[in-house]
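> Have a look at the structure that comes next, please.
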Amino acid sequence: MKFCSECAHPVTVAIPEGDNRPRYVCTQCGTIHYQNPKMVIGSIPVWEGDDGEPRVLLCRRAIEPRHGYWTLPAGFMENEETTGEAAVRETEEEAGANVELGRLFTLLNVAHVHQVHLFYLARLRDLDFAPGIESLDVQLFAEDEIPWDDLAFPTIRTTLAYFFADRARMRAGAAGYGFHTEDITRSMRAPVQPD
């Protein structure tokens, strides 16, 4: 940040009185410009096949970063919407998919890029989906078909790993999906190899 959004005067970095962190401060009008993490909200759109095995809808990115890599439909939350509304909107925009939103499944802190990622479980209402403007392709994948080497971000890999681990536990008699939280400390751009 170079200029104050209130008066357009150049800002300086200082620790305001009563604070403990450096902030952008306008010495002209006194405005303190707080910068906070961005919320990335998405869904895990699932179609239950005739064989009882879930298939997850993934989008192949048409934009940077990670153009051409696969991701769950997700994006930045907008003002004046709830996290659930953001998840549905992003799923519609990126995958053209109509979903019934379930409960929150993962909360992933990505502090080194100033983001928090939230993913909701979602059930596809039908198979009428198509790539949005930010997607090259959208496809359903069974667990053994997931392109693990070509996933865009560690948060996507982490969320999918939790999803399929929970499914395995449910097949063994567990009651249902858990809620998972994790701190992602590795680079968001580095390719991640599956375990």
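> Just the Cα atoms of the chain: what Rg and Dmax do they give in Å?
19.5, 66
> Also, I was wondering about something else. On a 0 to 90 degree scale, rounded to 10, what angle separates helix 154-171 from the longest Cα axis of the chain?
Value to nearest ten degrees: 40.
> Report the full-extension gain for the segment TRP148 to THR27: residue separation times 0.36 nm, less the Cα-Cα distance, to one decimal in nm. Write down the numbers at each step before the final one.
Values: separation 121, 0.36 × 121 = 43.56 nm, distance 4.98 nm.
Answer, rounded to one decimal: 38.6 nm.
> Say each of ALA172 and ARG125 gets a label point 7 Å from the Cα, pointing the same way as Cα to Cβ; how far apart are those two points in nm?
3.6
> Ranked highest first by the average count of other Cβ atoms within 10 Å around their residues, in what order do 26-36, 51-61 fall? Walk me through the intermediate numbers first.
Values: 26-36: 12.5, 51-61: 19.1.
In descending order of packing, they fall as 51-61, 26-36.
> Using only the alpha-carbon atoms of segment 103-164, report the extent along each of the three principal axes, biggest first, to the nearest angstrom.
36, 25, 25
> Which FRET efficiency value, to the nearest 0.05, is calculated for ALA165 and TYR34 with the Förster distance at 35 angstrom and r the Cβ-Cβ distance? Working shown, then result.
Working: r = 37 Å, r/R0 = 1.07.
Between ALA165 and TYR34 the formula returns 0.40.
> Using a simple charge model, +1 on the beta-carbon of Lys and Arg, -1 on the beta-carbon of Asp and Glu, nothing else, what dipole does the chain show about its Cα centre, in debye to the nearest 20?
Working: 18 positive and 30 negative charges, 152 e Å.
The dipole magnitude comes to about 740 debye.
> Could I ask something else about it? Tell me the net charge near PRO73. Cut-off is 13 Å between Cβ atoms, PRO73 excluded, with +1 for each Lys or Arg and -1 for each Asp or Glu. Don't skip to the end; give the middle numbers.
On the way: positive: ARG60, ARG61, ARG89; negative: GLU90, GLU92, GLU93, GLU94, GLU134, ASP137.
Counting the neighbours of PRO73, the net charge comes to -3.
> Would you mind putting 1-11, 148-158, 72-82 in packing order, based on average other-beta-carbon counts within 10 Å, highest first?
148-158, 72-82, 1-11
> Here's another thing I want to ask about it. For n ≥ 4 DSSP H runs only, could you compute -39500 (n - 2.57) per run for the chain, divide by its residues and tell me the 222 nm figure to the nearest 500? Present the calculation step by step, with values, prior to reporting the outcome.
Working: 2 runs with 31 residues, N = 195.
When only DSSP H runs of four or more count, the value is -5000 deg cm²/dmol.
> Something else: In whole Hz, with x marking every Gly and Pro, tabulate ³J(HN,Hα) for segment 65-81 from phi via Karplus 6.51 cos²θ - 1.76 cosθ + 1.60, θ = phi - 60°.
Ordered by residue, 3J(HN,Hα) equals x, 6, 3, x, 8, 8, 8, 7, x, 6, x, 6, 5, 9, 4, 6, 10 Hz.
All of the numbers you see were taken from the coordinates with simple rules; none came from a lab. As the structure is a prediction and not an experimental result, all values here were calculated from the model. Positions of Cβ are backbone-derived with ideal geometry, glycine not excepted, and every protein chain shown enters the neighbour counts.
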